[in-house]
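Enquirer: Below: one structure in structure tokens.
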């Protein structure tokens, strides 16, 4: 039947060609190829498990198709292990073709013995949509894509080890899928320039996993919920963008991971909503931009830390700004062994312990944040030095700030800018000093409490503000990215940490 249809179409095309040529004024004026006249239409092939279509087996339909064909698969149950080795549109239809009793998306039950993929896409330019994959045998992959420029959408995938995987491929689009009960829901591995959007991943080990040197991919408008490990995880992959996702009840919401060779830097994370996770966003590596995220009711809102490998992988030159970090169950923002990063324009409120914790961190700029209503300490410094902390509003905290383990005076944290235009320190709602000259700066310094209990040895804000700060026009200073992107330099500072400190102290701040 399918072959006869193709013959008729081809004959009509050739007949039309001869008619067209005979009506032309001159053979010499023809500057076209036969392929421009003969265009064989796409054939629609129908598959139905009850025998009402052209085939009962999906793989048989693929084997008899040619590039460009459309294969419609109707409601029913199919045992096929499917290899797509032609450029096809494979479409699941959620109704019966004839008189069968099937309903809903066609079910692929993946009888594969646990070591195969239910659907394997090997060629470029395919689309796979409308299927329900549920594998009692726990097939290795629900859908495996090893080609470029494909669309994978509106599929339901359950009970496979890996739900949907794009491996060594580029320019793919994975969207509107639902994945549940897998170890990894959606994986983008060693792949480039793909888009992952409007998927729902629920009750998996990992949600969306970007790994193995995958670059320039975009992950947006997805929902990740009830994930055992990480909602969205980037691992050894650089320059990816993660935005406007909703992440609920995961161990960790978003993790930016790097390896000992500095693969994994330069991520953009913005506009995400993260709720009820142990850690909202975990950051390692360098040159990340993290902004306009809403992080609520997590144990740690945002954790930045150095990776203790040998040599260690430093966490530096990151920007965290315009985030709302609310009702953290312990700490709002925790900087642990972090260098030369900027934390600004954030609202950090309602933490059970600290709003912001500086832990063994150096040479960071903390400015123009609202640090409010935290139940223990607004900003807690422990073993940290050479940070600049200014133009922040400390309001309604049980204790606004505390410093533990102050370094020598030449390396202490600075709690104010010079008293020039747009200079000054921070606003402290418990400051009791006067402003006799009306310059909105207190006449006496604000003393930062310290475990030493010696006011002559404490850190001080020399120029406390009398009114809350409203984001004065302060130029944001950035570290030269080119310097840090030199891997040889990074290797040197990892082996000789003192070199890092010397170098960073020479940077104008």
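FYI, it's all coordinate maths here, none of it is from the lab. Note that the structure is predicted; figures quoted are calculated from it, not measured. Cβ atoms come from the backbone with ideal geometry, glycine included; neighbour counts cover every protein chain shown.
Enquirer: In a Debye calculation with equal point scatterers on the alpha-carbon sites of segment 93-239 and no solvent, what is log10 I(q)/I(0) at q = 0.22 Å⁻¹?
Expert: For the requested q values the scattering log ratios are -1.42.
Enquirer: Arranged by the count of other C-beta atoms within 10 angstrom, fewest first, what order do 349, 160 take?
Expert: Final ranking by Cβ density, sparse to dense: 349, 160.
Enquirer: Take the alpha carbon atoms of segment 44-108, find their radius of gyration, then divide it by 2.2 N^0.38 Å using N residues; give the quotient.
Expert: For segment 44-108, the normalised Cα radius of gyration comes out at 1.00.
Enquirer: So for 398, 64, fewest C-beta neighbours within 10 Å to most, what's the order?
Expert: 398, 64
Enquirer: List 439, 151, 49 from most exposed to least, where exposure is judged by having the fewest other Cβ atoms within 10 Å.
Expert: Arranged by neighbour count, lowest to highest, 439, 151, 49 become 439, 151, 49.
Enquirer: Hey, how much of the P(r) for segment 324-425 falls beyond 21 Å, as a percent of Cα pairs?
Expert: 27 percent
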